[in-house]
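The values are calculated or read from the model by the stated rules, or taken from the named source; none is laboratory data. What you are looking at is a predicted structure, and each value in this text was computed from that prediction instead of being measured. Methodologically, a virtual Cβ is constructed for each residue, glycine included, from the backbone with ideal geometry; neighbour enumeration extends over all protein chains shown.
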Amino acid sequence: ETGVTQSPTHLIKTRGQQVTLRCSSQSGHNTVSWYQQALGQGPQFIFQYYREEENGRGNFPPRFSGLQFPNYSSELNVNALELDDSALYLCASSLSPLGLGVSPTQYFGPGTRLTVL
Amino acid sequence: TQLLEQSPQFLSIQEGENLTVYCNSSSVFSSLQWYRQEPGEGPVLLVTVVTGGEVKKLKRLTFQFGDARKDSSLHITAAQPGDTGLYLCAGSSIQGAQKLVFGQGTRLTINP
């Protein structure tokens, strides 16, 4: 069983640039969630994708966008980068049997450390 | 907006001591997870508690979910240097997206 992988590991960009982060979900999982973790803070929910559709979004501006592909891998795109976007970006995958009463366990990747200068 | 408050934010104790980390909210969660995160890595799930009043034990770690499913605690007995890390609680709701709401974390340091 392959765990959640993310690429790249580290990335340095300048303000105003665009960035794409990638995530491969754990084998058999159909849902991917993205989180932003600023230094010294807990992760904050950005959005979630289920079967290639956005399934909920946190309090992030539209310049944060995403995609999920038929193989359930996912991308996070951030346009017009700002200094405050510097953070660890975490991807988590899960198997969502919608309709059940308990949220499925989310398994996290190692994250991508983004630095905006 | 659902919020989780974790306390303390920082804790430094000697090896062999006991400690408790608290996670509190005014919101009800369908389940609550505890994660441990090492520097440069993603959070690793320790336990999920689902039922109000539930207690789960993982070796020297004891997790409790409050009766009203609004709060939780993590108790570590006879702490060891290997327990050092960032401990995060996260609540999940089945309303809307199955997102996790995280506390700000407790940075635990166990000194030999």
Subset of the stretch B:26-47 [under 16 Å from B:Ala90 (Cα atoms) and surrounded by fewer than 21 Cβ atoms within 10 Å (Cβ to Cβ)] = B:Ser26, B:Ser27, B:Val28, B:Ser30, B:Arg36, B:Val44, B:Leu45, B:Leu46, B:Val47
If a residue has to be at negative phi, in a loop (DSSP other than H, G, I, E, B) and among the hydroxyl-bearing types (Ser, Thr, Tyr) to count, how many in the stretch A:44-79 make the cut?
-> 1
Is it the case that B:Pro81 is within 30 Å of A:Thr112 (Cα to Cα), loosely packed, with under 13 Cβ neighbours inside 10 Å and in contact (Cβ under 8 Å) with a residue 12 or more places away in the chain?
-> yes
Of the residues B:Asp67, B:Asp71, which is more than 10 Å from every other protein chain (Cβ to nearest Cβ) and touching a strand residue (DSSP E or B) at 6+ places or on another chain (Cβ under 9 Å)?
-> B:Asp71
Kindly check whether there is at least one residue in the stretch A:73-89 that is within 11 Å of another protein chain (Cβ to nearest Cβ) and in contact (Cβ under 8 Å) with a residue 24 or more places away in the chain.
-> yes
Just checking, which of B:Gln2, B:Gln98, B:Gln6, B:Gln14 is touching a strand residue (DSSP E or B) at 6+ places or on another chain (Cβ under 9 Å), surrounded by 14 or more Cβ atoms within 10 Å (Cβ to Cβ), modelled with pLDDT of 95 or more and not hydrophobic (A, V, I, L, M, F, W, C)?
-> B:Gln6
Residue list for the stretch A:1-36, filter: outside any loop (DSSP other than H, G, I, E, B) and more than 15 Å from A:Gly109 (Cα to Cα) = A:Leu11, A:Ile12, A:Lys13, A:Val19, A:Thr20
Single condition A:Leu39 does not satisfy, out of (1) part of a strand (DSSP E or B); (2) of a type in the set (A, V, I, L, M, F, W, C); (3) within 12 Å of chain B (Cβ to nearest Cβ) | (1)
Consider B:Gln104 carefully, then state whether it is of a type outside the set (Ser, Thr, Tyr), within 12 Å of the chain's Cα centre (by Cα) and within 7 Å of another protein chain (Cβ to nearest Cβ).
-> yes
Taking the stretch B:22-65 and keeping only residues that are under 30 Å from A:His10 (Cβ atoms) and among the aliphatic types (A, V, I, L, M), one is left with B:Val44, B:Leu45, B:Leu46
B:His75 vs (1) closer than 20 Å to B:Ile13 by Cβ; (2) in contact (Cβ under 8 Å) with a residue 60 or more places away in the chain: all pass except (2)
Filtering the stretch A:23-36 down to residues that are of a type in the set (Ser, Thr, Tyr), crowded, with 23+ Cβ neighbours inside 10 Å and more than 9 Å from chain B (Cβ to nearest Cβ) yields A:Ser25
